[in-house]
Amino acid sequence: MAHGLRVPLPFKRASCVPPLFTRAYAYNRYSTVAAAAPPAPRAPRDGRGLGSGRVGGRLSHAESEGSAAMADAAERRSVSPPLVILKKDKARIVRSGTPMVYGDSVDCVVGRAPAPGAVVIVADKARTPLAWGLYNDNSMYRVRVLQTAQDVHREDAQLIFDVDAVLQQRIREAVSLRRTLACDVGSSTAAYRLLNSEGDGTSGLVVDVFADAAVAQVSALWIEQSRSAVEKALLSEVPGVRRVLWRRVSAMLRLETGDAFEESDDGVDVDAADDEVEVVEDGLLRFAVDLRGGQKTGFYCDQRENRRWLRALPLENARVLDLCCYTGGFSISAAAGGAKSVLGVDSSEHAVALASENARRNGFSEQCLFQSGDAIAVARELKANGEMYDVVVLDPPKLAPSAKAVAKAKRKYAQFNAAAIDVLKPGGMLVTCSCSGAVARTGILSDIVADVAHKAGRRAQLVRRSGAAPDHPISAKYPESQYLDCLCYVIR
């Protein structure tokens, strides 16, 4: 092999290319470089990268400059980052801006064996740096990209290979965007999403801000490893934030780390400050948020626009049923819109207690009644007792955490929606939701509603379809991060 390189298993040998930066890779414990090896060529500025060939077409000027900057930064390090070589047909995907490199896109790895969470350079078969990110051999997301070559050209060159600096920059950008979106940044009663994982360039990290607290929901190893940097940046860059709570998505982290992850605190670290804060939505509605024991981050900011829409409907004298009501977001909104009575149902007694408290805080204790129980069973019991409603809201928990679970989830969604339709008056309104990305992205929820309505001898008219609130941006190059589908039907 050229330059005297020897690469032992588990790396491929036949299709791997020589090290990108000979001087740096001389330190590689998995390969050896002959002492007399000539220096590796520097990246020319003509778009051809570091190799003799091109994959996926000629680089743009911005990509070429960014690629060369990555090469220069790598050569300045005592040990260059390992090189992840993509399969020939996968380079264009990374060039397009995707934040993920999946395991089946990788041809081989050149350089020292990267530990989970290590910085790596992603390159094409011609050894042209296309991006850099964090490697994890345990994860289906083999590399989480932090900067593409185009990003490197556009942003400060000092960010290259500096994970902490990138996190701070992404948080700074997120604050600016939330100001543009008219979120209550800095307010003592704020409730908004600050970071939406891939949508904000922080794959595996979601952060919601409630009053003076930032609640971080972590599902990626690299974020866990960068915890101190995340906390520091949140406290320094986000106006009004005085504390950070750390909540782990343990199931996802176990997949990311294997046996290396120890579930020490089940996700929340917090000082002696109050576990509960009050937030105000649209300057009107007051909600208590349980920072420690609430589901997800404690409050569903993603449904804000849908709650606002429900509140604006002519609900005078309407009877409303809110299934899977959690802490009463839709229930309180319906009451604020003039509903005569609202019944909220949730399987969590803790959530029901907080929903009742939220009704009290907003002066709707007489209109709103909450009970704990299985939503489907309660709806069927209401039907048996002859109870019918003008509006039914259905917002169940995530039923399909992965594509493999969709078939089972479809049956459960059908049961939920059939029970909801059965207690709707003719001409009543069904607001039905799915927060399972594998369901929302395929649009199958509408098929399910159409099917169960037909079986019930009812006619369904779709009048509104929406997703998460604007403070939940989606990367144009990673639509897979879309997860919420909210459909409104008139059921004849």
The simple spin-label model distance between Ala115 and Arg58, using points 7 Å out along Cα→Cβ, in nm, is 4.3
Helix-derived [θ] at 222 nm for the chain: sum -39500 (n - 2.57) over DSSP H runs of at least 4, divide by residue count, nearest 500?
-> -8500 deg cm²/dmol
Could you run the Karplus curve 6.51 cos²θ - 1.76 cosθ + 1.60 with θ = phi - 60° over the range 129-136 and give me ³J(HN,Hα) per residue in whole Hz, x for Gly and Pro?
-> x, 10, 5, 9, x, 10, 9, 8
Compute the separation of the alpha-carbon centres of the range 62-108 and the range 315-394 and state it in Å as a whole number.
-> 52
How much of the DSSP beta bridge set in the range 165-260 is antiparallel, as a percent to the nearest 5?
-> 65
Sorted on mean Cβ neighbours within 10 Å (highest first), peptides 312-319, 183-190 come out as 183-190, 312-319
Report, by chain and number, residues whose modeled amide H sits under 5 Å from the one on Leu130, excluding near sequence neighbours (fewer than 5 apart, same chain).
-> Val122, Ala123, Asp124
Under Karplus coefficients 6.51, -1.76 and 1.60, residue-wise ³J(HN,Hα) of the range 427-433 in Hz, glycine/proline x | x, x, 10, 10, 10, 10, 10
Within straight-line cross-link reach of Lys90, lysines at Cα separation under 21 Å, skipping those fewer than 8 residues along the same chain = Lys12, Lys125, Lys477
Where labels lie 7 Å past Cα in the beta-carbon direction, separation of Tyr102 and Leu181 in nm | 2.7
Among [x] 71, 58, 40; [y] 81, 48, 47; [z] 88, 50, 42, the entry matching Cα extents along the principal axes in Å as calculated here is [z]
Give the peptides 389-400, 433-444 in descending order of average Cβ contacts within 10 Å, highest first.
-> 389-400, 433-444
Sorted by chain and number, the residues with a modelled amide H under 5 Å from that of Arg243, at a separation of 5 or more or across chains, are Ala214
Would you mind telling me the antiparallel percentage of the DSSP bridges in the chain, rounded to 5?
-> 65
Quickly work out the Ala414-to-Glu278 label distance, labels modelled 7 Å from Cα along the C-beta direction, and quote it in nm with one decimal.
-> 4.7
Excluding near-sequence neighbours (fewer than 8 apart on one chain), the range 329-420 holds lysine pairs with C-alpha atoms under 23 Å apart numbering 7
Lys455/Arg254 FRET efficiency (R0 25 Å; Cβ-Cβ; nearest 0.05) = 0.05
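Laboratory data are not the source of any read-out in this text; all were calculated from the coordinates shown. Predicted model only: the values in this text are computed from it and were never measured. We place every Cβ from the backbone using ideal geometry, glycine too, and count neighbours over all the protein chains shown.
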